[in-house]
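**Q** The structure under discussion is supplied below as structure tokens; questions concerning it will follow.
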Amino acid sequence: MPPARQRPVHEAFCHHLRHMRVATWNVNGLRAIERKGFLPWLESCGADVVFLQEIKALPEQLSDEVRAPRGWHVEFNSAEKPGYSGVAVYSRERPDAVERGLGAPLFDSEGRVIAARFGDLHLIGSYFPNGARDLSRVPFKLDFYSTMLAHVNRLRKEGLHVLVTGDWNTAHQEIDLARPGENHKTTGFLPQERETLTTFLSSGWADAFRRLNPDVRERYTWWAPWRGSRERNIGWRIDYPVVDEALLGRIGGCEIHHDVKGSDHCPVSIEVKG
């Protein structure tokens with residue numbers, strides 16, 4: 001008797017790629033942003049799936065309304081260190097599968113990655129490391145990028161469509177921040193950080209916002225919380241939706257919601273057409 005054929009991963013799911021709107025937001029503290037209108041925003045944002053970064057809380061530290069809002073399925077991946085990092089995903093529909101971390105204990109203890117799979121669409125929300133003001137964490141950050149790239153390449157080989165959203169903590173090109181000349185020695189715009197992101201995007205992945213808006217300037221997602229940076233729009237674009245090149249033709253749009261306040265970041269949304 002011949003051996004049973006191994007089905008590709010994407011055949012194993014009950015439904016395939018469909019229309020979906022995905023949002024990502026570094027909230028800089030989920031408990032803090034609850035007091036600044038998080039729940040009304042969640043209900044009005046029009047997203048099917050919302051990824052959050054820097055929740056800075058364990059689920060049991062959150063209010064019932066934020067931990068389990070009516071009409072949403074919620075999953076958390078908190079850091080082991082109290083009040084640090086942490087990510088979450090809110091979805092209108094229960095995912096077919098949820099995964100936490102990259103399978104690398106060094107990174108996974110910091111609660112930086114959560115993924116939700118819907119059919120053959122694998123959505124990842126990630127809080128990429130910051131290199132630290134003294135640059136001491138830059139090697140850790142670059143290792144995280146390499147580990148993430150290997151992870152998503154593996155998923156793609158399994159036949160999945162992959163979307164990586166979140167706070168990438170790197171402005172890729174000079175067009176992506178207000179004052180590039182002043183920041184070449186600042187983490188988030190170091191040559192080695194930008195080169196690592198270039199390597200990622202040269203491996204069959206696309207920064208969806210920049211691909212759809214190649215010449216758009218002064219569209220940022222993070223502003224330093226001092227000296228009126230946000231009011232003067234002295235910011236950085238460091239929150240990206242990155243998609244497999246094969247998925248790029250099914251992206252209906254990508255928006256930066258700079259008018260949404262409450263955090264030093266603003267939300268970004270992307271539409272995947274079914």
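**Q** Please state the charge dipole magnitude for the chain, taken about the Cα centre, from unit charges on C-beta atoms (+1 on K and R, -1 on D and E), reported in debye and rounded to the nearest 20. Let's see the in-between values first.
**A** Values: 36 positive and 36 negative charges, 20 e Å.
Charge dipole of the chain: 100 debye, to the nearest 20.
**Q** Also: When DSSP assigns beta bridges and you keep just the ones with both residues in the chain, what percent turn out antiparallel, to the nearest 5? Don't skip to the end; give the middle numbers.
**A** Numbers: 42 of 54 bridges.
Among the beta bridges of the chain, antiparallel pairing accounts for roughly 80 percent.
**Q** Considering the options 204, 23, 224, tell which one lies farthest towards the positive end of the dipole of the stretch 16-272, charges being +1 on Lys and Arg and -1 on Asp and Glu at the Cβ, about the Cα centre.
**A** 224
**Q** Could you tally up the Lys pairs in the stretch 16-272 with alpha carbons closer than 30 Å? Skip any pair fewer than 8 positions apart unless they're on separate chains.
**A** Count of close lysine pairs: 14.
**Q** At 0.36 nm per residue, minus the direct Cα-Cα distance, what do residue 233 and residue 217 gain on full extension? Give it in nm, one decimal, please. Write down the numbers at each step before the final one.
**A** Working: separation 16, 0.36 × 16 = 5.76 nm, distance 1.12 nm.
Extending this stretch completely gives an extra 4.6 nm.
**Q** Can you give me the convex hull volume of the Cα atoms of the chain, divided per residue and expressed in Å³?
**A** Details: hull volume 39.4 nm³, N = 274.
About 144 Å³ per residue, rounded to a whole number.
**Q** Out of 57, 98, 111, whose Cα points farthest toward the positive end of the dipole of the stretch 54-113 (charges: +1 Lys, Arg; -1 Asp, Glu; placed on Cβ)?
**A** Positive-end residue among those listed: 57.
**Q** Counting residues in the stretch 140-223 as N, plug N into 2.2 N^0.38 Å and put the Cα Rg over that result.
**A** 1.15
**Q** Calculate the FRET efficiency for residue 137 and residue 65 from the Cβ-Cβ distance with a Förster distance of 51 Å, rounded to the nearest 0.05.
**A** On the way: r = 34 Å, r/R0 = 0.67.
After rounding, the FRET efficiency stands at 0.90.
**Q** Hey, another quick one. Which order do the peptides 157-165, 42-50, 101-109 come out in when sorted by mean C-beta neighbours inside 10 angstrom, highest first? Walk me through the intermediate numbers first.
**A** Numbers: 157-165: 20.1, 42-50: 17.2, 101-109: 14.8.
By packing density, highest mean first, the sequence is 157-165, 42-50, 101-109.
**Q** Separate question: Less than 15 Å Cβ to Cβ from residue 213, Lys/Arg counted +1 and Asp/Glu -1: what total charge do the surrounding residues give? Please report the intermediate quantities before stating the final value.
**A** Working: positive: 210, 211, 217, 219, 237; negative: 176, 207, 215, 218, 239, 255, 271.
Charge balance in the 15 Å sphere: -2.
Every read-out reported here was derived from the displayed coordinates using simple, explicitly stated rules and does not represent laboratory data. Since the model is a prediction, treat every value here as computed from it, not as a measurement. Heads up, the Cβs are rebuilt from the backbone with ideal geometry, glycines too, and the neighbour counts pull from every protein chain shown.
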